[in-house]
Amino acid sequence: MARAAGAGARNTLTATEIVHAIAAGETTCEAVVRDCLDRIEQRESIIHAWAGIDPELVLRHAASATAVPRAARCMAFRSA
């Protein structure tokens with residue numbers, strides 16, 4: 001079971017915890033990506049880790065992943 005991560009803290013979850021939380025319906029791909037983008041925005045002026053990032057493109061991809069019906073997701077995702 002994924003450890004609790006409230007809104008704004010999903011970027012602190014491990015990849016495994018994110019998969020479990022999405023599979024359990026506790027969060028969505030879009031919510032995770034939004035939290036990650038928020039964190040990037042907060043820290044990028046200090047860290048300078050990104051040469052380029054397109055938040056709109058990333059959010060479109062996350063929305064596409066979120067839109068996939070649960071029954072149609074790959075077996076690895078469903079069994080996570």
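No value in this document is a laboratory result; all are computed from the given coordinates. Predicted model, so just to flag it, every value in this text is computed and none were measured. In this analysis, Cβ positions are derived from the backbone assuming ideal geometry, glycine residues included, and neighbour counts consider all displayed protein chains.
Label positions at A51 and R39, each projected 7 Å from the Cα along the C-beta direction, are separated by 2.3 nm. Among rounded, prolate and oblate, which fits the stretch 10-78 when a ≥ b ≥ c are the square roots of the eigenvalues of its C-alpha gyration tensor, a/c under 1.5 means rounded, and a/b larger than b/c means prolate? Note, shape of the stretch 10-78 comes out prolate. Here the label points at N11 and A71, each 7 Å from Cα along the C-beta direction, are separated by 3.7 nm in the simple model. Couplings 3J(HN,Hα) for the stretch 10-18, derived from phi with the Karplus relation 6.51 cos²θ - 1.76 cosθ + 1.60 (θ = phi - 60°), are 5, 5, 8, 6, 6, 4, 4, 5, 5 Hz, where x marks Gly and Pro.
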